[in-house]
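The values are calculated or read from the model by the stated rules, or taken from the named source; none is laboratory data. Remember, it's a predicted structure, so these values are computed and weren't measured experimentally. Cβ placement follows ideal geometry from the backbone for every residue including glycine, while neighbour counts extend to all protein chains displayed. Heavy atoms of the whole protein, side chains included, go into the accessibility calculation; ligands, DNA and RNA do not. Shrake-Rupley method; radii C 1.70, N 1.55, O 1.52, S 1.80 Å.
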Amino acid sequence: MSSADKARRWRQILSELRPELPGEWFLRGTGLGSVLAREPLGWSLAWIGYSGSPTRPVGWVSAGVQPLVAPFVSWVMTYGVRMDEVRSGPSTIDLLSDAAAGQTRQFVLDAGLEKIDGWPPARLADVAERDFAQDPRRRRTHWHQLPGWRVVNGTASPVEPATQLAELCHDRARETSGKGARQLVEQATFYERLTQEWHEGEREAALRFLAEQRDQALAAQKLDKTLTP
């Protein structure tokens with residue numbers, strides 16, 4: 001079967017799953033990149049999606065939460081789970097098999113929704129603050145969202161963490177090449193722009209900048225329009 005067949009089947013599976021999920025969910029994206037996204041979208045995106053090569057028979061269903069207060073470089077699995085990380089159920093899925101819809105449903109209802117519900121925006125912001133409070137050598141990546149959450153929640157200035165993140169991205173870019181280096185420079189620019197907006201117009205200007213960046217990122221990922229089956 002072609003990749004187009006797999007994409008159509010994936011969208012069909014999501015369409016059938018959608019009414020069974022609590023809350024409002026809609027199809028976003030295209031092809032195998034289609035996801036079910038919980039609405040309304042705020043500053044994080046709860047999602048259910050598929051990953052795998054279009055030409056290989058099997059792949060993985062995943063579910064998680066994508067923070068939208070930082071650069072959207074790729075899907076963040078820090079706040080998600082992939083089906084091969086769950087002990088019960090199959091570790092992979094063949095979208096063209098008769099069992100695919102049931103396996104997707106089982107994974108989402110048994111494990112995916114629990115993971116999503118475990119990462120509300122308030123927890124994401126709290127974990128980011130606690131991560132930033134660590135010694136820099138012990139930090140993970142949670143604090144990369146901190147400047148954005150501080151602006152969104154109006155809790156503090158984003159300048160200190162944003163400045164550190166811009167410097168970190170520039171340092172890493174000098175040690176990288178090609179696309180990776182360009183992405184790091186773009187991330188540094190994001191944090192520098194956020195700092196500049198804060199200095200010029202404080203929270204109102206910074207919040208407007210974050211909203212513009214979020215909308216552009218969703219458009220670039222083809223997730224900006226709600227698609228119905």
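Quick notes
- Dipole moment magnitude, nearest 20 debye, the chain about Cα centre, only Lys, Arg, Asp, Glu C-beta charged: 560 debye
- Low-density loop cleavage sites - GluC sites (Glu not before Pro) in the range 80-175, where at most 11 other Cβ are within 10 Å (DSSP): E175
- Å² of accessible area per residue within the chain, as computed with a 1.4 Å probe and no ligands counted: 52 Å²
- Value of [θ]222 nm, deg cm²/dmol, for the chain, DSSP H segments ≥ 4, -39500 (n - 2.57) each, nearest 500: -15500 deg cm²/dmol
- Cα shape, the range 121-221, gyration tensor, a/c 1.5 rule: oblate
- Cα shape, the range 3-118, gyration tensor, a/c 1.5 rule: rounded
- For the range 3-118, carbon and sulfur atoms together expose 49% of the accessible surface, with a 1.4 angstrom probe and every protein chain in place.
- Cα centroid separation, the range 156-179 to the range 1-72 (Å): 30 Å
- Crossing angle, helix 178-220 versus the chain [Cα axis fit, 0-90 degrees, rounded to tens]: 60 degrees
- Once the Cα atoms are used to define both axes, helix 121-132 deviates from the longest principal axis of the chain by about 50 degrees.
- The range 121-221 - percent of accessible surface contributed by carbon and sulfur, probe 1.4 Å: 45 percent
- With Cα atoms, 0 to 90° folded angle of helix 159-174 axis to the chain main axis: 70 degrees
- Among 22-29, 51-58, 34-41, 188-195, sorting by the average number of other beta carbon atoms lying within 10 angstrom of each residue, highest first, gives 188-195, 34-41, 22-29, 51-58.
- Kirkwood analysis of the chain, using all unique Cα-Cα pairs, places the hydrodynamic radius at 18.8 Å.
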